[in-house]
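The structure appears below as structure tokens.
Every read-out reported here was derived from the displayed coordinates using simple, explicitly stated rules and does not represent laboratory data. This structure is a prediction, so every number in the text was calculated from the model and none was measured. Every residue, glycine as well, gets a Cβ built from its backbone with ideal geometry; the counts of neighbours run over all protein chains shown.
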């Protein structure tokens, strides 16, 4: 008999079926025992009255893998309105050691460190699993939106010869006797690949040896990187970012609908055109002095409130950040060169994505590095490529874990990461 | 005027259009000059008769980024039957430094090391770009096939605390003062995630510090990993592998059709059921002694010929490899415990994919490690998870670069990798 999933039971009332999964919970009452089986799709209730079967179930601790054959009976009080009766229950492995927390409670009560120490079982909790399903759907939507717009997926090296992008905070390793570093971003490679495909994206791990022990820093995270050529300026990039986000939110809504229900989360509406304010205007809205070089978290929160009040939007672009606060490869605003063609996207008053137009002329790179007092040599292989014709281009990067955490309201990015890596954590 | 791509020109005959791209080639004849512009979609021929425009074109070296506005005229002898006449030509950047090889020739004549040294420009050659498009399509097809079968995409750590899977050939790094290693595969993590989602896949980089300087070894490559639970045995895994490959080949056929034409490659037919022979039978077919512990490349070639002759198939499963030659987590064949429930998939007589059923009981892991004289301790975090209920499961991994190289007939995996990493190469 073919195994069916718990969600298929309502369509099989009256039939005899085989399900399989984990012992999620047992309730051994006087006259009857209930066995809740959890599979990839959800929960199924099994009603046990036979004494021998009851004894077998009593000997199967939570998380034991079992197979149940029984008759599907409608019961409005059971999960999904059906239950399995007259079952045979067969373990598919030895009795499990129950995890150090109850997976059947609505919320995991163990502390986050305990959950992370026991990730292989903690992730089985429906809320933890749901967050990862949202994550998978978001990435699928990202790719679908870009595939539909003729972007080509690329894979770039995660080990590089020089620690270029931000200098510090890199992991060093020994590469066949040579010093090497884990890549902090695919920034340079995706720019070079604009010279090949015009429009590229990459979904992959990036590594930051940041000694910060915060709720939003991971030493490895998944970066959703986009870069596109033949742009007029950063606004062409903002359109692609908006469409990528739309794809992500749409796919979360459709593919992860059950996960969203488990988490009690609604996906926000994304405006067809996200409101945008220039940095100087943003300072004014936030009530900040006009000579502030950057936005503080408090300013961003004020901007989030303003966007909601003025535009009914959870999202807000801030454009034209001062050049002094952006990476050296940022393209200046030709009309106001102290300001950049760089932008941030705020979601509910917190920065979600950073992007912008990049320099595309070799001489501009040389000048930009010189102006910052940075040597050209570590960047030579990257900068040299701009001698060979790279069109005006720009792009952005979305940190997957931060995106998902903010979308579902998780306080800590570690809640939406299967096996986080940070200052303290290298296992499991 | 909105920019259009070269492939859109045939539909715009008679109109005035704007295209943009790279100076692919110039031919300055006596009475006329031809400018070939390359964009992401292909090539466009621009006919220049005006003296001033001709002088401008003469000053624009190959790979300069340009924008051309002109009138679309039908010309059966031009690429795609159309050309642009009466053009204005405007550079979108400074004159390019031409690369050290001609990108306009049908094949790149530079040696592979020279191509790799100049990857940002070499990859612009239509054949190199086509290989990467085939790669992107293959990955998209892999994901689509698995998404359709309720697999969940996961992301696992690329830095791990112990060098477990094969012991040697790991890259060591310093993780905030602690020793750590680049992950050689997501093997353990994907198995643990079977406990969460039943069916998972991952597309991500893996790292092998193999001191081999061969045409098929890379120190970083993309592994397409699959693992699924509630299997009866390895044959359930082989069905999913077959369907994943079908998805990959279908997507290459449909999405990368132009790339296939550029490469002159036809996608092989995949049988609905791939023929399978047991290892002992494979030895007999290959004319090898019955006590051989493994198949040599010559044996595999003989098997490839046999599969083509007997089954008309380019693909052949070999099942039941001796346990002694498979990793410790391999599930034995219950009926013949010296043989495994592991398989290889041969493509045209070369191993393409390895997979199998895994052990799923804690005690079996302890025994398997002891039997191999391996200590339990480095594996403890992994093996312990099997105390908590992991169903019978199995999976496989496809090396993306090897798959693409074999599909398109590339002699060296470096030809299908944008920026390869190996014993000697850490840049660009």
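Listing for the model above:
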{"read-out": "Cα-based helix-to-principal-axis angle, B:187-197 vs chain B, degrees rounded to 10", "value": "90"}
{"read-out": "Residue of chain A nearest the A-to-B rotation axis [by Cβ], rounded angstrom distance", "value": "A:173, 2"}
{"read-out": "Helical contribution to [θ] at 222 nm, DSSP H n ≥ 4, -39,500 (n - 2.57), averaged over the protein assembly as shown, rounded to 500", "value": "-9000 deg cm²/dmol"}
{"read-out": "From the C-alpha gyration tensor of the range A:1-81, square roots of 5λ in Å", "value": "19, 14, 12"}
{"read-out": "Nearest-first distances (nm) between copies at residue A:49, label 7 Å from Cα via Cβ", "value": "9.6"}
{"read-out": "Radius ratio Rg over Rh of the range A:109-264, counting only Cα atoms, Kirkwood formula for Rh", "value": "1.02"}
{"read-out": "Scattering curve values for the protein assembly as shown, log₁₀ I(q)/I(0), Debye with Cα scatterers, q = 0.05, 0.06, 0.07, 0.09 Å⁻¹", "value": "-0.30, -0.44, -0.59, -0.97"}
{"read-out": "Taking the convex hull of Cα positions in the range A:120-416, its mean projected area over all directions (nm²)", "value": "16.4"}
{"read-out": "Other-copy label distances relative to residue B:264, 7 angstrom Cα-Cβ extension, nm", "value": "6.5"}
{"read-out": "Kirkwood Rh, angstrom, the range B:222-276 [1 / mean 1/r, Cα pairs]", "value": "13.0"}
{"read-out": "Rounded Å value of the spacing that divides the Cα centres of the range A:119-140 and the range A:281-318", "value": "33"}
{"read-out": "Proxy reagent accessibility, fewest Cβ within 10 Å first, across A:314, B:377, A:63", "value": "B:377, A:314, A:63"}
{"read-out": "Percentage of interatomic Cα-Cα distances in the range B:159-237 larger than 16 Å", "value": "60"}
{"read-out": "Contact order normalised by residue count of the range A:1-153, Cα under 8 Å, 6+ apart, percent", "value": "19"}
{"read-out": "Least to most buried among A:306, A:175 (fewest other Cβ within 10 Å first)", "value": "A:306, A:175"}
{"read-out": "Using a 7 Å Cα-to-Cβ projection, residue A:377 label spacings across copies, nm, ascending", "value": "4.4"}
{"read-out": "Cα long-axis angle, helix A:126-147 against chain A (0 to 90 degrees, to the nearest 10)", "value": "40"}
{"read-out": "Per-residue mean of C-beta atoms belonging to partner chains within 10 Å, peptide A:129-142", "value": "3"}
{"read-out": "Cβ-based exposure ranking for B:238, A:1, A:193, in which fewest neighbours within 10 Å come first", "value": "A:1, B:238, A:193"}
{"read-out": "DSSP beta bridges in the range B:120-416 [antiparallel fraction, %, rounded to 5]", "value": "90"}
{"read-out": "Average beta-carbon neighbours from other chains, 10 Å sphere, peptide B:146-158", "value": "5"}
{"read-out": "Angle between chain A longest axis and helix A:234-255 axis [Cα atoms, degrees, rounded to 10]", "value": "0"}
{"read-out": "Estimated Rh, the range A:93-177: Kirkwood, alpha-carbon pairs, angstrom", "value": "17.5"}
{"read-out": "Cβ neighbours within 10 Å from other chains - mean over A:383-395", "value": "6"}
